[in-house]
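One structure below.
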Amino acid sequence: MLKYKPQARHEDINKIFTGHPMDYKLWEFHTELKAQLAKSEESKAPKYVTEVMRGLGGEALQLARDIGVEELCKKDGIKLLIAKMKTLVFP
């Protein structure tokens with residue numbers, strides 16, 4: 001749920017992506033950034049996957065669960081998630 005926080009800055013609010021097309025481009029940008037970081041620092045890939053997963057909800061989270069932990073934690077796991085998410089959002 002969204003809660004009113006008058007002193008909260010935009011960066012402090014958790015970005016939840018539920019699979020709505022309106023929010024896709026911003027989510028894709030942030031997730032692409034994390035995918036590049038995960039690619040350059042393979043040992044930290046699970047950390048970036050966890051960050052991406054925290055920002056998912058609804059159908060988007062279900063898609064990530066369907067992909068599975070093992071696939072998501074691989075080097076190109078976030079890229080796979082982005083590709084499948086695009087198919088979900090824009091069939």
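The values are calculated or read from the model by the stated rules, or taken from the named source; none is laboratory data. This structure is a prediction, so every number in the text was calculated from the model and none was measured. Glycine also receives a Cβ, built like all others from the backbone with ideal geometry; neighbour counts cover every protein chain displayed. Note: accessible area is taken over every heavy atom of the protein model, side chains too, but ligands, DNA and RNA are not part of it. Shrake-Rupley method; radii C 1.70, N 1.55, O 1.52, S 1.80 Å.
Just so you know, in segment 58-91 the residues that are over 12 Å from residue 38 (Cβ atoms), in contact with a Phe, Trp or Tyr (Cβ under 8 Å, 6 or more places away or on another chain) and outside any loop (DSSP other than H, G, I, E, B) include one that is most open to solvent (accessible area, probe 1.4 Å), and it is 86.
Only a single criterion out of (1) in contact with a helix residue (DSSP H, G or I) (Cβ under 6 Å, 6 or more places away or on another chain); (2) surrounded by fewer than 12 Cβ atoms within 10 Å (Cβ to Cβ) is not satisfied by residue 48, namely (2). Comparison of 32, 11, 28 shows that the only residue that is of a type in the set (Asp, Glu) and modelled with pLDDT under 85 is 11. For segment 59-91, the candidate set comprises residues that are modelled with pLDDT of 90 or more and small (Gly, Ala, Ser); within that set, the residue that is farthest from the chain's Cα centre (by Cα) is 68.
Remark: residue 21 falls outside the filter, which requires a residue to be of a type outside the set (S, T, N, Q) and open to solvent by 100 Å² or more (accessible area, probe 1.4 Å).
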